[in-house]
Amino acid sequence: MKPKDLLKNLLAMAASDGAIHQGEMSLLADRCTQWGVSDDEFGEMLELATNGKLALQIPPEPSDRETLLRELVHMMAADGQLADTEKHLFATAAAVMKITPARLDQIIDQAISR
């Protein structure tokens, strides 16, 4: 999955509860730096997210799907609160991806042990 596509998915998750909180912005800024996304590119994506114009996109490759789920776990935890909308979006994504409960537990464990 391309870094910009992954970032768009993180923005969709961050905005799913109606607001992008400070902890989420910090994580997004870190990912922009890590993945080489410019401030202008991020600004455009942020505007789409805050206007409700970004939706979670499921990648076709299994490894990309697991990467996305791990990153979504980080985003969900970034503000210290798990909003129902975030949990629902995460659960829906995992179900669409046909991730088994056992594998999902492993992915979550991997994400939180980093």
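Here are the numbers for the structure shown:
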{"quantity": "Calculated [θ] (222 nm, deg cm²/dmol) that DSSP helices of n ≥ 4 give over the chain, each run adding -39,500 (n - 2.57)", "calculated": "-22500 deg cm²/dmol"}
{"quantity": "Value of relative contact order over the chain, rounded to a whole percent, pairs C-alpha under 8 Å and six or more apart", "calculated": "35 percent"}
{"quantity": "Cα-projected label distance for Asn51 with Leu82, points at 7 Å along beta-carbon direction, nm", "calculated": "3.3 nm"}
{"quantity": "Under-22-angstrom lysine pairs by C-alpha in the chain, whenever the two are 8 or more apart or on separate chains", "calculated": "8"}
{"quantity": "Using θ = phi - 60° and Karplus 6.51 cos²θ - 1.76 cosθ + 1.60, couplings along the stretch 84-94 (whole Hz; Gly, Pro as x)", "calculated": "4, 5, 5, 4, 5, 4, 5, 5, 5, 4, 4"}
{"quantity": "Where N is the number of residues in the stretch 3-112, Cα Rg divided by 2.2 N^0.38 Å", "calculated": "0.99"}
{"quantity": "Ranked list, fewest to most other Cβ atoms within 10 Å of each Cβ, for Lys87, Lys98", "calculated": "Lys98, Lys87"}
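Every number in this text was worked out from the coordinates using simple rules, so none of it is lab data. Nothing here was measured: the structure is a model prediction, and the numbers come from that model. Counting neighbours? That spans all protein chains shown, and the Cβs are built from the backbone with ideal geometry, glycine included.
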